[in-house]
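Okay, so here's the structure we're looking at.
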Amino acid sequence: MRPVPAAVLLFGIAAAALLAERTASVAVLASVLLLVCLRAPGARRWPYLVGALGSAAALLLVTPFVERLPGVIYWTGPTIPVVGTLDVTSTELSGAVFNACRLAAVSLAFAAYALWLDHDRLVQAAGLARRSVLAVALATRLVPALERDAAGLVEALRGRGVEPEGLRGRARLVSPLLAGSLERSLNLAEAMDARGFGRAGATRMAQPPWGALDRLAVTGAVLAIVAGALWL
Amino acid sequence: MALAVAERVSFLYPGAAAPALRDVSVGLSPGQVTLVLGRSGSGKSTLLRAFAALIPHFHGGRFSGRVEVAGLDTRRHGPAALAGTVATLFQDPEDQVVFTRVLNEVAFGLENVGTPPSEIEARATSALAAVGAEHLAARLVTELSGGELQRVCLAATLALEPRLLLLDEPTSQLDPEAAEALVELAVALARERGTAVLMTEQRPALPLELCDRVLFLEDGSLAFDGPIAEARTWLAERHPVFVSAGGDVGVHLHHEGDVVARLDDVSFAYEDHLLVLDGAGLELRRGEVVALVGPNGSGKTTLAKLAAGLLEPLSGSVARVGRATYLSQDPGRYVFRDRADEEVAIGARGDLASARRALATVGLAGYEHRHPRDLSSGERERLALAAVLAPDPDLLILDEPTRGVDPERKEELARLLRADPSRAILVVTHDIAFAGAVADRVVSLAPERELAGV
């Protein structure tokens, strides 16, 4: 499948999860997206899965304590100034599960986008906005580049017998990381300049025409949004 | 008739105290392969940048003289205008990659210069095939080794079918076989397509056999310009290390020093669970220098990191006596502090006296107050070496310490390491001449992951 219809389909599923009103429907959408993410290579998928599922779990845990909704009271806690008496009710719990599923679905849709789509082709499909999209793509690539740089800096310290432990130890990485990324961006700009970036009359590599699967994905995205708004 | 001409070119980088190029005049003819030699900081890369119009357009600074490529004066035509006619392969492949997929990366330059869309993929694939990297087309660039990435970047330049090809230390991350293939490819391009090739190199032995002409730069000035035969004579008289083949590889001196590190039957795999090392063994004794060589991806760095204790083996055992330090391939990683002596003292528990002694040992006495980022690339290499020497380790491990280092500096480094009997030294290197010059024993890590003492 080409990346643009795939991105549209993921957007449609995420939108459906936001529009749906039934917890079970949202949970099914989140589960489907989780399965898609789980098929990505192990080393790459875990940061995304931890981020998506971790934030959903945090929302699930926190929501009942900060919301004040009527219902069957399952637990009553201490009284805290300003907040009042802490309790957990059936309505708060069901709301928390619903919101956690929603957040998980949207986060997992983004994770699937990051893990599976060919971002280069999205850039190529951007047409007139190619420069802006390329800038965004390069900025996105900065994150793994910074990860690699940070790992290299830690290795250089460990190679001298120094273990960067705790917040203070990690904080000493910030300055060399920032300076290093500035150097890297200058080198990249020079290389792009030398390769003719910005020259008038640029073309794009020919892309295969949309197939049945691509059209099906876009149709699926539309159907998912409509279903999310009307029936789910 | 010359394809590219530099006439009395001088250039001063912004904020620099001395010019990087001084009154340099050179003509480059189609089909000619020209090798640029010189010490680190002598202006080799700057000369290449002048032919790519990156100087003065990208870097600013003070430029005088004239550079013309295929009839285009670089003062009026910038790098983008010359792209396609000129293609440049920079030193560090990681800093020139734009896209995430290999094929798209190779296609990027073709798209920029307006190649018809229907031709782009075929030309990109063909360029990848020319460097033996066709199988990488669908891979993510982040998954490639340094050597593979360098080949991809070379493919990106070849895809443009340039008339002038500028190669800035193109073999710095390649094993000897891949380096030979690359130089031969450059020569073939010149012979078959009439491409003018201008190449800098810090491992000059092979290029000196295949190139047509040599330029030698000293402090930005052109000290020699002549055909290869004359160059050999001139270099032998003035800069003999540039034409020496290094020491005898395989000389095995017996050391009776105590065993400082022993790796027995170690295996290791990264996250993709493919074994990088399988049942490898290595013994390092105090007073000996061991060179670890082998092709790209054979697991040299992994074995070195296991010896240093930076990685834990999946199976097998690693025993060490005393302290080990490990010099990373990238000297840009030794920039945590604002002063050179404080940076070096990090590993010596803040002992500035030890740090200053280490700086003096590597020839950086007087640099104590300098900021590590203000040092030249060669000076940064030496600072990094001082940083791993300052803790006075029992086992010193150097990972590709000669990458980007000129032959004269390599000889100094070899002398420094040879004069140190107080520790065991393991040097990971692609540079066979350096291995021969520095090592008592050369260990070859074959692709089959078997260790064989040579």
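The values are calculated or read from the model by the stated rules, or taken from the named source; none is laboratory data. Predicted model only: the values in this text are computed from it and were never measured. So basically every Cβ, Gly included, is an ideal-geometry build from the backbone, and we count neighbours across all protein chains shown.
Return the only residue of B:189, B:206, B:154 being more than 15 Å from residue B:32 (Cβ to Cβ), assigned to a helix (DSSP H, G or I) and without any contact (Cβ under 8 Å) to a residue 60 or more places away in the chain. Give the derivation first.
Numbers: B:189 fails: more than 15 Å from residue B:32 (Cβ to Cβ); B:154 fails: without any contact (Cβ under 8 Å) to a residue 60 or more places away in the chain.
From the options B:189, B:206, B:154, the qualifying one is B:206.
For the stretch A:170-203, give me the residue count where each residue is assigned to a helix (DSSP H, G or I) and either at the interface with another protein chain (Cβ under 8 Å from one of its Cβ atoms) or not aliphatic (A, V, I, L, M) (or both). First the steps, then the outcome.
Filtering the stretch A:170-203 for residues assigned to a helix (DSSP H, G or I) gives A:170-171, A:174-194.
Now narrow it down to the ones that are either at the interface with another protein chain (Cβ under 8 Å from one of its Cβ atoms) or not aliphatic (A, V, I, L, M) (or both): A:170, A:175-176, A:179-181, A:183-185, A:187-194.
Total meeting the criteria: 17.
Residue B:309 fails exactly one of the following numbered conditions: (1) on the phi < 0 side of the Ramachandran plot; (2) at pLDDT 90 or above. What is the number of that condition?
Unmet for residue B:309, out of (1) on the phi < 0 side of the Ramachandran plot; (2) at pLDDT 90 or above: (1).
Evaluate the following for residue B:67: is it among the aliphatic types (A, V, I, L, M), buried (at least 21 other Cβ atoms within 10 Å of the Cβ) and at pLDDT 95 or above?
Values: among the aliphatic types (A, V, I, L, M): yes; buried (at least 21 other Cβ atoms within 10 Å of the Cβ): yes; at pLDDT 95 or above: yes.
Yes.
Taking into account only those residues within the stretch B:313-372 that are at positive phi and more than 24 Å from the chain's Cα centre (by Cα), which is nearest to the other protein chains (Cβ to nearest Cβ)?
Taking the stretch B:313-372 and keeping what is at positive phi, we get B:316, B:322, B:349-350, B:363, B:366.
Going one step further and asking which of them are more than 24 Å from the chain's Cα centre (by Cα), we end up with B:316, B:322, B:349-350, B:366.
Details: B:316: 21, B:322: 11, B:349: 9, B:350: 10, B:366: 23 Å.
So, considering only residues that are at positive phi and more than 24 Å from the chain's Cα centre (by Cα), the one nearest to the other protein chains (Cβ to nearest Cβ) is B:349.
For the stretch B:110-133, which residues satisfy the criterion of being more than 7 Å from chain A (Cβ to nearest Cβ) and part of a helix (DSSP H, G or I)?
If the condition is that a residue be more than 7 Å from chain A (Cβ to nearest Cβ) and part of a helix (DSSP H, G or I), then B:110, B:119, B:122, B:123, B:124, B:125, B:126, B:127, B:128, B:129, B:130 are the ones that fit.
In the stretch B:202-223, how many are of a type in the set (Gly, Ala, Ser) and within 19 Å of the chain's Cα centre (by Cα)?
Step one: of the stretch B:202-223, the residues of a type in the set (Gly, Ala, Ser) are B:205, B:220-221, B:223.
Narrowing the set further to residues that are within 19 Å of the chain's Cα centre (by Cα) leaves B:205.
Number of matching residues: 1.
Only one of B:152, B:214 is at pLDDT 95 or above and in contact with a Pro (Cβ under 9 Å, 6 or more places away or on another chain). Can you tell me which? If you could, list the steps in order and put the result at the bottom.
On the way: B:152 fails: at pLDDT 95 or above.
That would be B:214, the only listed residue that is at pLDDT 95 or above and in contact with a Pro (Cβ under 9 Å, 6 or more places away or on another chain).
Can you spot a residue in the stretch B:383-405 that is out of contact with any Phe, Trp or Tyr (no Cβ under 9 Å at 6 or more places or on another chain), over 26 Å from residue B:299 (Cα atoms) and away from every other protein chain (no Cβ under 14 Å)?
So far as the stretch B:383-405 goes, no, none of its residues is out of contact with any Phe, Trp or Tyr (no Cβ under 9 Å at 6 or more places or on another chain), over 26 Å from residue B:299 (Cα atoms) and away from every other protein chain (no Cβ under 14 Å).
Going through the stretch B:134-148 one residue at a time, which ones are part of a helix (DSSP H, G or I), touching a residue at least 40 places away in the same chain (Cβ under 8 Å) and either within 13 Å of chain A (Cβ to nearest Cβ) or surrounded by fewer than 17 Cβ atoms within 10 Å (Cβ to Cβ) (or both)? Let's see the steps before the verdict.
Step one: of the stretch B:134-148, the residues part of a helix (DSSP H, G or I) are B:134-136, B:141-143, B:146-148.
This time we only want the ones that are touching a residue at least 40 places away in the same chain (Cβ under 8 Å), so: B:141-142, B:146-148.
B:141, B:142, B:146, listed by residue number.
Of all the helices (runs of 4 or more DSSP H) wholly in the stretch B:1-109, which have at least 2 residues that are away from chain A (no Cβ under 12 Å)?
Values: elements: B:44-51, B:54-57, B:79-82.
Qualifying helices (runs of 4 or more DSSP H): B:44-51.
Considering only residues of the stretch A:117-134 that are assigned to a helix (DSSP H, G or I) and surrounded by fewer than 18 Cβ atoms within 10 Å (Cβ to Cβ), which is modelled with the lowest pLDDT? Show your work before the answer.
First pass over the stretch A:117-134, keeping only residues assigned to a helix (DSSP H, G or I): A:119-125, A:127-134.
Going one step further and asking which of them are surrounded by fewer than 18 Cβ atoms within 10 Å (Cβ to Cβ), we end up with A:125, A:127-133.
Details: A:125: 65, A:127: 60, A:128: 57, A:129: 64, A:130: 67, A:131: 71, A:132: 71, A:133: 68.
Top of the filtered list is A:128.
Check off (1) under 26 Å from residue B:332 (Cβ atoms); (2) modelled with pLDDT under 85 for residue A:158 and give me the number that stays unchecked.
The number of the failed condition is (2).
Could you tell me which of the residues B:372, B:401, B:391 is touching a Gly at 6+ places or on another chain (Cβ under 7 Å) and crowded, with 17+ Cβ neighbours inside 10 Å?
Values: B:372 fails: touching a Gly at 6+ places or on another chain (Cβ under 7 Å); B:401 fails: touching a Gly at 6+ places or on another chain (Cβ under 7 Å).
When all the criteria are applied, what remains is B:391.
Answer with yes or no whether residue B:98 is touching a Ser or Thr at 6+ places or on another chain (Cβ under 9 Å), of a type in the set (Val, Ile, Thr) and surrounded by fewer than 23 Cβ atoms within 10 Å (Cβ to Cβ).
On the way: touching a Ser or Thr at 6+ places or on another chain (Cβ under 9 Å): no; of a type in the set (Val, Ile, Thr): yes; surrounded by fewer than 23 Cβ atoms within 10 Å (Cβ to Cβ): yes.
So residue B:98 fails the test.
Go through the stretch B:305-341 residue by residue and tally those that are part of a strand (DSSP E or B) and buried (at least 22 other Cβ atoms within 10 Å of the Cβ).
Let us first name the residues in the stretch B:305-341 that are part of a strand (DSSP E or B), namely B:315-320, B:324-327.
Then drop every residue that is not buried (at least 22 other Cβ atoms within 10 Å of the Cβ), which leaves B:324-327.
Number satisfying all stated conditions: 4.
Can you name the number of the only condition in (1) more than 30 Å from residue B:160 (Cα to Cα); (2) modelled with pLDDT under 85; (3) more than 7 Å from chain B (Cβ to nearest Cβ) that residue A:217 fails?
Of everything listed in (1) more than 30 Å from residue B:160 (Cα to Cα); (2) modelled with pLDDT under 85; (3) more than 7 Å from chain B (Cβ to nearest Cβ), residue A:217 misses just condition (2).
Taking only the stretch B:212-240 into account, find how many residues are of a type in the set (S, T, N, Q) and assigned to a strand (DSSP E or B). Talk me through it step by step, then tell me what you get.
Pass one, the stretch B:212-240, residues of a type in the set (S, T, N, Q): B:221, B:233.
With assigned to a strand (DSSP E or B) added as a condition, the list becomes B:221.
Count: 1.
How many of the residues making up the stretch A:149-169 are assigned to a helix (DSSP H, G or I) and out of contact with any Lys or Arg (no Cβ under 7 Å at 6 or more places or on another chain)?
Of all residues in the stretch A:149-169, those assigned to a helix (DSSP H, G or I) come to A:149-158, A:166-169.
Filter once more, keeping what is out of contact with any Lys or Arg (no Cβ under 7 Å at 6 or more places or on another chain): A:149-151, A:154-155, A:157-158, A:166-169.
Residues that pass the stated criteria total 11.
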